[in-house]
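The values are calculated or read from the model by the stated rules, or taken from the named source; none is laboratory data. Just so you know, these numbers come straight off a predicted model, no measurement behind them. Cβ placement follows ideal geometry from the backbone for every residue including glycine, while neighbour counts extend to all protein chains displayed.
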Amino acid sequence: MRQKIFRLLPLSYLLFLTACISMPSFLSSPSENTDNTQQHFFSSFPSGGELVVIGVAGRRSNPQETIRLALENAAVKVGKYYRVGGEYAIQNYVGSGAFDYSHETHAVLHFDPESSKQYVESLKYDIDIDTFEYQNALFIRATYPASLPVPVSYRPGYNGEDRKPSWVENPPIEIDGYKVGVGFSNRRSSMADAVNNSRDNAIFAIIKSINTVTRSDSMMYMESGSLFGYKTSHENITYSFGTLDGFYVLDFWIDPKLLTVWTLAIAK
């Protein structure tokens, strides 16, 4: 028997909408002017000496609840900027039999969602211009009063009618001394889940680039019932782990045809 190596928000309501603020029309119907809004909204390069974080939440029947959840999601991004850890492992096993093989992956982030509480009140946004609805998900663009330790001068190009960023096919290895990770997520039942999964995969991409170990084991043993009197097995394990400071999403792109999500992120 093979031995496995794997071991395997609530936030307080800090958003208050006063009676003088009316709910924008995007909460009742998708925006008609998606091209310019997407181009501006999905980029989150630091601006005006502040970090730009984008929160996302699936649309709820109560618009205030949708906004609250999107802001809480943005606060989680601030928490991960200050510190986030992760482990990623891949285990492949191949035996002598035609169906004697397995492929398993294990991924976990080490992050306390409760630590995000302190950041919600510090987020700034304009409900009329910093919100956008796409594929039944609400995105909110907020700024946070902090700055990257080293300014980022990198700016991608955007090509074609889909405004595909250049880093999707040609990702930079480093950006101004930061490690770079590109996260990807297939289409999911919820666009909010796909966006969050792509961001988390960007974390794992950076961790895999800085700290990965590999172990391989091969075994041959006699067995009278086999054709040649012996059987073989081979096991390969790749394990990555680490903790990141300054994890920050610079840009992300949703393929409008496939609804896959790509994320460009950096970290120290």
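Some notes on this structure:
- All conditions but one from (1) farther than 24 Å from Tyr178 by Cα; (2) part of a strand (DSSP E or B); (3) not hydroxyl-bearing (Ser, Thr, Tyr) apply to Val108; the one that does not is (1).
- Within segment 232-252, the presence of at least one residue that is β-branched (Val, Ile, Thr), closer than 22 Å to Val52 by Cα, modelled with pLDDT of 95 or more and touching a Ser or Thr at 6+ places or on another chain (Cβ under 6 Å) is confirmed.
- Checked against the criterion of being hydroxyl-bearing (Ser, Thr, Tyr) and either crowded, with 19+ Cβ neighbours inside 10 Å or within 11 Å of Ala265 (Cβ to Cβ) (or both), segment 199-220 has no qualifying residue.
- Selection count where residues are in a helix (DSSP H, G or I) and either surrounded by 16 or more Cβ atoms within 10 Å (Cβ to Cβ) or in contact with a helix residue (DSSP H, G or I) (Cβ under 8 Å, 6 or more places away or on another chain) (or both), scope segment 47-81: 17
- The set of residues from segment 147-191 being in contact with a helix residue (DSSP H, G or I) (Cβ under 8 Å, 6 or more places away or on another chain), surrounded by 12 or more Cβ atoms within 10 Å (Cβ to Cβ) and small (Gly, Ala, Ser) comprises Gly181, Gly183, Ser185.
- Of all the numbered requirements in (1) more than 21 Å from the chain's Cα centre (by Cα); (2) closer than 29 Å to Ser209 by Cβ; (3) modelled with pLDDT of 95 or more; (4) not acidic (Asp, Glu), Ser122 misses one, and that requirement is (2).
- If you go through segment 143-170 and keep only what is outside any loop (DSSP other than H, G, I, E, B) and of a type in the set (Gly, Ala, Ser), you end up with just Ser166.
- Put simply, of Ser209, Ser224 the only residue that is at pLDDT below 95 and part of a loop (DSSP other than H, G, I, E, B) is Ser224.
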